[in-house]
Amino acid sequence: MLMVNRLFITGMGRSGTTLLDKLLSSHPKVDVLSQPFPLLFVEIKRLFLSMLGHSRYYVLNDNCFDGDYSLEKFNSFLDDKRFSTQEVESILNEMKDFSGQMTKVKLPYIGSKGVSFLNLYDALILGELQKKVCFFGSKEIMCEEFVPFFLQNNTKVIMIVRDPRDVVASINYPRKKKYLGDKKPTLFILESWRRTIDYANWCQPKTSVCIIKYEELVDSPYRVLNTITQFLGIDPFKEHFFDDGVYDRDGSLWTANGSFENQTSFITTQSVG
């Protein structure tokens, strides 16, 4: 019987999370949806902060390591929260024209008693899988606070980090398409980046987490990817697997969402530095 395991990928925006999810979804035993329901994570965090009496515009930027909230309390909230059909339908409707949703998902069946966050996460993704896999999951940016909860629930987690100077440049000074909205204060971006590092440092001793660097991924993709496949316990990628380019889940040639280099379907180091 095929064992199917949950996989979660996250990191600071503009750190290579999309490239990573495309590469891993090319593996026959992995299917990762790219940002299938970002506003679900936003809504959960908004509800949690509201319960604490906090009102935030960027709800995903609070950092438990700065004392903004208790990680244990957040995990307990995720355990206890139940979503009704109406709540989930409202979130999915809100994402219809939302550019941050990169993979569309359908409303699953939800009983009269509602559904937990974890069961909802699984149902939304499993309904979209295109092949028999050992690992299913999603990629979401800036959702590091959900990592401890996923780890408590038998989930493999991959985090990716990137040189903060290149993150700032990609967000605020692109020559190509602009991502992550309007220009933001450098300190705001760096605090968000440090938040990722705080969680990465917290995760480092844990065997269910794999932390990689963007620069190493694009410079030595097969070495880094085979570190990941070893972490997942699946067959490694063969050398030259991506010589013809990187393909999307639907079989089409994927075009990288880079901020600087010419749009390409190949793994490149052009955006480093």
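The values are calculated or read from the model by the stated rules, or taken from the named source; none is laboratory data. Since the model is a prediction, treat every value here as computed from it, not as a measurement. Neighbour counts run over all protein chains shown; Cβ positions are idealised from the backbone, glycine included. Calculation scope for accessible area: heavy atoms of the full protein, side chains included, ligands and nucleic acids excluded. Shrake-Rupley method; radii C 1.70, N 1.55, O 1.52, S 1.80 Å.
Here are a few things to note about the model shown:
- Values of log10 I(q)/I(0), in the order q = 0.14 Å⁻¹, for the stretch 139-273 under a Debye, Cα-only, solvent-free model: -0.78
- Alpha-carbon spread of the stretch 22-93, three principal axes, descending order, Å: 45, 33, 24
- Stretch gain in nm, segment Lys104-Tyr58, where the contour uses 0.36 nm per residue and the Cα spacing is subtracted: 14.3 nm
- Where labels lie 7 Å past Cα in the beta-carbon direction, separation of Ser76 and Asp163 in nm: 4.4
- Accessible solvent surface per residue of the stretch 104-144, calculated while the other protein chains remain in place, 1.4 angstrom probe, Å²: 45
- Hydrophobic, long helices, defined as DSSP H runs whose alpha-carbon span along the helix axis is 18 Å or greater and whose mean Kyte-Doolittle value is at least 0.0, occur in the chain at 38-51.
- Using 0.36 nm per residue and subtracting the Cα-Cα separation, the extra length available between Tyr173 and Arg46 on full extension is 42.8 nm.
- Local electrostatic count, Glu87, Cβ distance below 15 Å [Lys/Arg +1, Asp/Glu -1]: +1
- Convex hull (Cα only) mean projected area of the chain, reported in nm² to one decimal: 14.5
- Calculated mean residue ellipticity, 222 nm, the chain: -11500 deg cm²/dmol, from DSSP H runs (n ≥ 4) at -39500 (n - 2.57) each, averaged per residue and rounded to 500.
- One quarter of the convex hull surface built on the alpha carbon atoms of the stretch 189-239 amounts to 4.2 nm², the projected area averaged over directions.
- Extension gain (nm, one decimal) between His240 and Phe260, 0.36 nm per residue minus Cα-Cα: 4.7 nm
- Ligands, DNA and RNA left out, the accessible area of the stretch 135-253 computed with a 1.4 Å probe is 50% carbon and sulfur.
- Among Val167, Val133, Val209, the residue with the largest mean-square fluctuation in a Gaussian network model of the chain, with springs joining Cα atoms closer than 10 Å, is Val133.
- Label-to-label distance, Gln270 versus Tyr247, with points set 7 angstrom from Cα along the beta-carbon direction: 2.3 nm.
- Peptides 173-181, 34-42 ranked from most to least packed by the mean count of surrounding Cβ atoms within 10 Å: 34-42, 173-181.
- Within the listed set Asp219, Asp244, Asp198, the Gaussian network model of the chain (springs between alpha-carbon atoms below 10 Å) gives the highest mean-square fluctuation for Asp244.
- In summary, the stretch 1-138 shows an alpha-carbon radius of gyration equal to 1.10 times the 2.2 N^0.38 Å reference for compact globular proteins.
- Computed from the alpha carbon positions, the gyration tensor of the stretch 107-157 leads to an equivalent ellipsoid with semi-axes of 19, 16, 10 Å, biggest first.
- Highest GNM mean-square fluctuation among Arg56, Arg14, Arg46, for the chain modelled with Cα contacts below 10 Å: Arg56.
- Here the spin labels are modelled as points 7 Å beyond Cα on the Cα-Cβ line, and at Lys183 and Gln130 they lie 3.9 nm apart.
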